[in-house]
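To start, the structure under review is shown below, and the notes come after it.
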Amino acid sequence: MIKSTKVSELAEFDAAPYLDSEEAIAAYLTDILDAGDSALLAAALGDIARARGMTEIAKASGIAREALYKALRPNAQPRFDTISKVCAALGVRLVAQPIHV
């Protein structure tokens, strides 16, 4: 007999352990940006910040660690200046490209 598992019993996926290179981080952010969801972007930046060390990112961005956790949690709606500071602290930048239809 096959044992079934309920979705509610599965552990929540954490992307942070897989964000171990700049290439992985760039690919992750590119996919997230393609989704066009600001709350998802905040959560993804939180994943990357946790992968790099939230305390270090807080220091580099000039944002208090607690405020950073709050701004980068799932479903958060951070201000653009927060996203900009976090991106700079992470060593990444968001780039606009033309849409080819």
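The values are calculated or read from the model by the stated rules, or taken from the named source; none is laboratory data. Keep in mind the model is a prediction, meaning the values are calculated, not measured. All Cβ positions, even for glycine, are placed from backbone atoms using ideal geometry, and neighbour counts span all protein chains on display.
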Count - residues of the range 15-33 that are polar (S, T, N, Q) and farther than 12 Å from R93 by Cα: 1
Only one residue in A51, A71, A96 is among the hydrophobic types (A, V, I, L, M, F, W, C) and at pLDDT below 90. Which one? A96
Filter the range 43-77 down to the residues that are surrounded by 19 or more Cβ atoms within 10 Å (Cβ to Cβ) and farther than 19 Å from A96 by Cβ and list them by number. G46, D47, I48, A49, A51, I57, A58, S61, I63, L68, A71, L72
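Hey, does the range 62-84 have a residue that's hydrophobic (A, V, I, L, M, F, W, C), in contact (Cβ under 8 Å) with a residue 24 or more places away in the chain, in contact with a Cys (Cβ under 9 Å, 6 or more places away or on another chain) and closer than 22 Å to T30 by Cβ?
Taking the range 62-84 first, the residues hydrophobic (A, V, I, L, M, F, W, C) are 63-64, 67-68, 71-72, 76, 80, 83.
With in contact (Cβ under 8 Å) with a residue 24 or more places away in the chain added as a condition, the list becomes 71-72, 76, 83.
Now restrict to residues that are in contact with a Cys (Cβ under 9 Å, 6 or more places away or on another chain): none.
No, the range 62-84 has no match at all.
Has the range 8-23 got any residue that is of a type in the set (F, W, Y), at pLDDT 90 or above and surrounded by 12 or more Cβ atoms within 10 Å (Cβ to Cβ)? So that I can check it myself, show each step before the final result.
Of the range 8-23, the ones of a type in the set (F, W, Y) are 13, 18.
This time we only want the ones that are at pLDDT 90 or above, so: 18.
Applying the additional criterion that residues be surrounded by 12 or more Cβ atoms within 10 Å (Cβ to Cβ) yields 18.
For the range 8-23, residues of a type in the set (F, W, Y), at pLDDT 90 or above and surrounded by 12 or more Cβ atoms within 10 Å (Cβ to Cβ): present.
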